[in-house]
Amino acid sequence: MAHLWLFRIGLTSELVAALFFLLAAWALYVLLKPVDKDIALLFVLLNLVGVAIECTSTLIHFAPMLLLSDAGYLKVLRPDQLQGLAMFFLNFNGGMISILFYGMWLFPLGYLVFKSGFLPRILGILLILDGSSCLISFFQLCLFPGYEKLTYPLMPVMFIAEFGLALWLLIKGVKEHPSEAQAKAVLKDET
């Protein structure tokens, strides 16, 4: 409560970041739709579910501010009860569920990057490895919550894959947006 303004800024920035993440997925959908529209739609839907779960989890973290306010209806609870409830909501980690969907969206994304022909194939492979790393992180958080160190070796792969794609698109970009005919020709040549 001593730093309420910073707490609000942190929660708000997490919600804004989730919005930008959804917009980035939409931009990737537009870019990769000519490769395979159905698989591109799948990665956007998986991303959308992850964003929805993340936003819901973030909204739950607003509850401690309400519990620790001086609202009259809270007078029925003792201060230690209010503080206990506030800590419960602060420690609630629903965001770990979003990791499942954030990991799963990387598989179709990696596949489309690999098959695109206008993005480096290595980025597609790294994104698929990133998806596997996210799934391992999800299961570690759910089944072995006290063993975060198990997933530390996976973090460089996750960073290189996601940062690599972003860096490639920012620096190199896609010189010309491929038409569906070009994408089909690329897929036909590879098979």
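No lab work stands behind these numbers, since they all come straight from the coordinates. Owing to the predicted nature of the structure, the values given are computational and were not obtained by experimental measurement. Counting neighbours? That spans all protein chains shown, and the Cβs are built from the backbone with ideal geometry, glycine included.
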Identify, among Gly124, Gly95, Ile136, the residue whose Cα sits farthest towards the positive end of the charge dipole of the chain, taking +1 on the Cβ of Lys and Arg and -1 on the Cβ of Asp and Glu, with the dipole about the Cα centre.
-> Gly124
Subtracting the Cα-Cα distance from 0.36 nm times the residue separation, let me have the gained length for Leu74 to Trp5 in nm, one decimal.
-> 22.7 nm
Which ³J(HN,Hα) values, rounded to whole Hz and listed in residue order, are derived for the range 93-103 from phi using the Karplus coefficients 6.51, -1.76 and 1.60 in 6.51 cos²θ - 1.76 cosθ + 1.60 with θ = phi - 60°, glycine and proline given as x?
-> 10, x, x, 5, 5, 5, 4, 4, 6, 5, x
Taking the range 4-190 and dividing mean pair separation by its residue count, relative contact order in percent (alpha carbons under 8 Å, at least six apart) = 21 percent
Modelled label reach - Leu59, point 7 Å along Cα→Cβ, the range 94-131 residues with backbone N closer than 15 Å | 94-95
Estimated 222 nm signal from helices in the chain, with DSSP H stretches of n ≥ 4 weighted -39500 (n - 2.57), rounded to 500 | -25000 deg cm²/dmol
Please state, to two decimals, what the Cα-based radius of gyration of the range 20-72 comes to when divided by 2.2 N^0.38 Å (N = residues).
-> 1.73
Work out the length of the dipole vector of the range 4-190 about its Cα centre, built from +1 on the beta-carbon of each Lys and Arg and -1 on the beta-carbon of each Asp and Glu, and round it to the nearest 20 debye.
-> 100 debye
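Calculated FRET efficiency, Lys37 and Phe92, Cβ-Cβ r, R0 22 Å, to nearest 0.05?
On the way: r = 38 Å, r/R0 = 1.70.
The value I calculate is 0.05.
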Rounded tilt (10° steps) of 79-91 against the dominant C-alpha axis of the chain | 10 degrees
May I ask you to work out the translational diffusion coefficient for the range 64-132 at 10 °C, viscosity 1.306 mPa s, via Stokes-Einstein with Rh from the Kirkwood sum over Cα pairs, reported in whole µm²/s?
-> 104 µm²/s
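Please report Rg over Rh for the range 97-163, where both radii come from the alpha carbon positions and Rh follows the Kirkwood definition.
On the way: Rg = 12.4 Å, Rh = 12.0 Å.
Expressed as Rg/Rh, it is 1.03.
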In Å, the C-alpha Rg and Dmax of the range 47-180 are 20.4, 65
